Amino acid sequence: MSSPAGLHRVLEPSGVLPQAAWRLDASRAIGADEVRIRVERLNLDAASFRQLSVKFGGDGDKVRQEVLRIVAERGKMHNPDTGSGGMLIGTVEEVGPDSPLGLSVGQRVATLVSLTLTPLVISDGLAGWDGLGEQVPAGGHAVLFARSIAAVLPDDLPADLALAVFDVCGAPALTARVVSEFIADTGRAPHVAVLGAAGKSGALSLAAARATGAGRVTGLVPTPSEAKLLAESGLADAVVIADATDPVATAAAVEGVGALADVTVVCVDVPGCEHGAILATSDGGTVVFFSMATSFPAAALGAEGLAADVRMLIGNGFTPGHADLALRLVRSVPGVRAMFDRRLAETR
């Protein structure tokens with residue numbers, strides 16, 4: 001009997017949800033409430049891809065072999081070092097009669113749930129991927145549960161662009177929610193700082209903050225080249241350069257534009273950014289951690305040690321309406337589209 005949450009697919013250890021499982025059953029046969037997807041492309045999350053690339057010294061063939069090994073061993077793409085995975089696009093191949101997802105055979109979709117909980121088989125050896133970019137052409141199949149989420153790919157955007165947008169669509173949605181709550185609670189427009197502002201989630205979070213009524217939007221990046229790209233996009237009122245893993249430099253850079261942030265959004269894909277985000281946020285403010293490289297103990301104990309009165313949120317990849325919001329921003333804000341196009345051009 002199938003479970004809406006996918007418990008029946010857990011092979012080990014027993015009694016945990018698919019995301020926490022070490023190994024899943026990724027067999028093709030589906031239950032009455034499941035959907036099978038013919039895989040077209042994976043999108044590895046930024047933290048996972050960076051870790052793999054660093055681990056193997058940028059050797060794309062070794063990265064490719066490691067991804068194949070992980071999926072074969074675990075029945076899902078769940079990087080054991082980062083705990084993260086990504087998501088995928090593909091074509092609906094079979095729909096169980098009791099599936100509540102509203103999908104039809106032949107639809108091209110993006111899965112809006114993590115690869116860390118999605119049963120996955122790769123059948124083509126990733127022959128079309130050089131191991132040098134986050135987007136992974138792939139053949140195989142994946143399975144969605146009754147409580148999974150998927151979105152039909154839009155007709156007006158290239159598939160790789162849509163995949164990149166859906167991969168991070170939780171970030172702008174939660175940013176918009178936090179900004180709206182701040183305005184409602186205080187009656188003033190917040191100063192929003194985004195760390196890692198030139199990345200996918202960073203660009204969308206900047207646009208979402210501005211669209212929701214932020215008073216000032218600051219983008220922090222690590223290099224002059226990224227600062228130039230971000231400035232040209234027009235997404236931020238101020239662009240500052242600092243290493244987000246350096247707490248003092250990060251706080252000084254943000255405060256240097258006039259004040260500490262009321263809302264700080266962390267989109268950096270390397271560990272060690274927790275303390276800088278906390279220091280850059282004013283008392284009573286909010287820090288939103290979207291990076292899969294975030295350490296909960298470092299954030300919690302760091303805030304305690306600094307006597308920082310900040311609310312800290314772990315970015316949930318799901319917020320109602322998140323996919324539609326992200327697509328609207330890509331379509332309506334030229335700077336967002338330009339940032340995504342530049343990033344994708346580097347991997348095509």
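For region 7-166, the square roots of the Cα gyration tensor eigenvalues, ordered a ≥ b ≥ c, give a/c of at least 1.5 with a/b no greater than b/c, which places it in the oblate category. Each of Glu94 and Ala231 was given a label point 7 Å from its Cα along the Cα-to-Cβ line. The distance between the two points is 5.7 nm. Short-range pairs are left out: with C-alpha atoms under 8 Å and at least six residues apart, the relative contact order of the chain is 15 percent. Considering helices alone, the calculated mean residue ellipticity of the chain at 222 nm is -10500 deg cm²/dmol, with DSSP H runs of length four and up weighted by -39500 (n - 2.57) and normalised per residue. Extending 7 Å from Cα along the Cβ direction at Asp81 and again at Gln107 yields two label points whose distance is 3.7 nm. Looking at region 170-345, the DSSP beta bridges with both ends there are about 0 percent antiparallel. Between Ala252 and Leu306, take the C-beta separation as r, use R0 = 22 Å, and let me know the FRET efficiency to the nearest 0.05. The pair Ala252/Leu306 has a calculated efficiency of 0.90. Compared with the direct C-alpha span, the chain from Lys62 to Ser27 gains 10.0 nm at full extension, assuming 0.36 nm per residue. A viscosity of 1.002 mPa s and a temperature of 20 °C, combined with the Kirkwood radius over Cα pairs in Stokes-Einstein, give a translational diffusion coefficient for the chain of 104 µm²/s. DSSP beta bridges confined to the chain are antiparallel in about 55 percent of cases. Placing a label point 7 Å from the Cα of Leu7 along the Cα-to-Cβ direction, no residue of region 308-345 has a backbone N closer than 13 Å. Taking 7 Å steps out from each Cα toward its Cβ at Val16 and Phe296 produces label points 1.3 nm apart. Counting beta carbons within 10 Å around each of Thr286, Thr116 and listing the fewest first gives the order Thr286, Thr116.
We did not get these values from a lab; they are worked out from the coordinates using the rules stated. Note that the structure is predicted; figures quoted are calculated from it, not measured. Here the Cβ is made from the backbone with ideal geometry for all residues, glycine too, and neighbour counts use every protein chain on show.
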